[in-house]
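Below you'll find the structure, written out as structure tokens, and then a few comments.
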Amino acid sequence: MPGSESSTAADQRFTVNLSILFTELPLLERPAAAAAAGFTAVELWWPWVDTPTPRQSELDALKKAIEDAGVRLTGLNFYAGRLPGPDRGALSVPGEESERFRANIDVVAGFAQSLGCTALNALYGNRVEGVDPAEQDALALENLVLAARAADRIGAILLVEALNRPESPLYPLVSAPAAVGVVDRVNQTTGLGNARFLMDLYHLSMNGEDLPSVIEQYTPRTGHVQIADNPGRGAPGTGSLPLENLLDQLGKAGYEGWVGLEYKPGDRPSAEAFDWLPR
């Protein structure tokens with residue numbers, strides 16, 4: 001893609017999210033399954049939902065599984081609470097969850113560095129009843145600054161993601177402008193410039209946003225893109241989103257990064273959920 005006049009969906013580099021695809025397999029078998037399906041890259045939510053600080057042996061086993069499969073880890077989430085589940089991140093949640101996020105920062109940075117992973121996603125966290133939103137936002141900025149500095153130390157970017165209100169009603173970043181606003185505040189505070197928007201076309205479409213306009217406006221500040229069709233969060237072609245056109249537009253707008261496949265396979269094995277791909 002770099003150096004070409006423009007890029008099309010067929011040129012996009014796809015990375016498979018192993019926290020939503022291939023989940024019928026144990027975690028350590030998923031990288032090889034993605035490789036067998038023809039992919040060279042994978043991404044993950046934080047795999048150890050119960051702990052921000054897993055044993056080194058567990059980290060080593062996952063690293064070996066990724067290396068043995070011959071795939072590259074292109075993205076990793078920081079600890080985000082129970083996800084999948086009721087939680088949507090930990091970094092803006094006062095008390096124990098915020099502490100868990102902080103304990104996780106160096107673990108994630110070390111693991112990412114060991115695999116050459118250069119994109120780390122920090123989910124903001126839900127609003128908490130009885131806590132002043134301004135207090136949560138101040139805590140979030142503190143923690144995002146710590147995460148951005150850790151990412152910078154390993155040559156990585158920090159991603160901030162907008163989710164969607166219907167599925168995440170307590171999550172405050174449910175529009176592209178809201179997430180980009182946080183990105184800007186982090187960059188202003190650190191001076192590092194390594195915070196970026198994670199543009200998830202499924203979440204933005206669920207919010208009713210004008211996707212061509214979002215792409216036009218925010219591609220320069222976008223560090224990663226994820227896709228699923230809508231409705232249903234299934235593979236492209238299972239819903240009504242014009243994903244091929246949107247990916248074409250992203251390429252023409254200058255996006256040259258990975259596109260994360262973060263969709264549900266439906267009632268079929270994950271290996272059969274890629275028949276839409278341009279071969």
- request: Would you mind checking which residues have amide H under 5 Å from N121's amide H? H placed 1.01 Å from N; only 5 or more apart, or other chain.
  value: L76, N77, F78, L159
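Tell me, what % of the accessible area of the chain is carbon and sulfur with a 1.4 angstrom probe?
Heavy-atom surface of the chain belonging to carbon and sulfur, 1.4 Å probe: 50 percent.
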Stokes-Einstein translational diffusion, the range 93-222 - Kirkwood Rh over all Cα pairs, 1.306 mPa s, 10 °C, in µm²/s: 105 µm²/s
message: Based on the alpha carbons, how large is the Rg to Rh ratio for the range 203-267 when Rh follows Kirkwood?
response: 0.95
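What fraction of the Cα pairs in the range 122-178, stated in percent, has a spacing above 19 angstrom?
Roughly 35 percent, once rounded to a whole number.
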field: Cβ-defined net charge surrounding R102, 13 Å radius [Lys, Arg +1; Asp, Glu -1]
entry: -3
Solution diffusion estimate, µm²/s, Stokes-Einstein, the range 26-77, Kirkwood Rh from C-alpha pairs, 37 °C, viscosity 0.692 mPa s: 290 µm²/s
statement: Computed over the range 142-204, the convex hull of the Cα set has an average projected area, in nm², of 4.3 nm²
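If packing is taken as the mean number of other Cβ atoms within 10 Å per residue, what is the order of 30-37, 186-193, highest first?
Listed from highest to lowest mean packing, they are 30-37, 186-193.
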- request: Consider just the alpha-carbon atoms of the range 233-279 and return their Rg together with their Dmax, both in angstrom.
  value: 11.8, 36
task: Send over the per residue convex hull volume for the range 2-130, Cα only, as a whole number of Å³.
output: 136 Å³
- prompt: Just the accessible area per residue of the chain, please: how many Å² with a 1.4 Å probe?
  reply: 42 Å²
query: If you take all C-alpha pairs in the range 181-226, what percent of them are over 11 Å apart?
result: 67 percent
query: Between the range 236-257 and the range 179-194, how many Å separate their Cα centres?
result: 26 Å
message: Just to compare against my own numbers: the Cα pair-distance distribution for the chain, 10 Å bins, whole % per bin, please.
response: 7, 30, 38, 22, 3, 0
- request: Could you please state, rounded to a whole Å, how far the C-alpha centre of the range 75-107 is from the C-alpha centre of the range 126-152?
  value: 11 Å
- request: Quick one: compute a quarter of the convex hull surface over the Cα atoms of the range 138-279 and quote it in nm².
  value: 9.4 nm²
message: Just to check I understand the Karplus step: with θ = phi - 60° and J = 6.51 cos²θ - 1.76 cosθ + 1.60, what whole-Hz values come out for the range 262-272, glycine and proline as x?
response: 10, 10, 7, x, x, 8, 8, x, 4, 4, 9
query: Label points 7 Å out from Cα along the Cβ direction at D60 and D106: separation in nm?
result: 1.9 nm
field: For the chain, share of DSSP beta bridges that run antiparallel, in % to the nearest 5
entry: 5 percent
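The values are calculated or read from the model by the stated rules, or taken from the named source; none is laboratory data. Keep in mind that what you see is a predicted model, and the values were worked out from it rather than measured. Quick reminder, even Gly has a Cβ in these numbers, built from the backbone with ideal geometry, and neighbours come from all protein chains shown. For the accessible areas, the whole protein counts, side chains as well, though only heavy atoms, and no ligand, DNA or RNA atoms are used. Shrake-Rupley method; radii C 1.70, N 1.55, O 1.52, S 1.80 Å.
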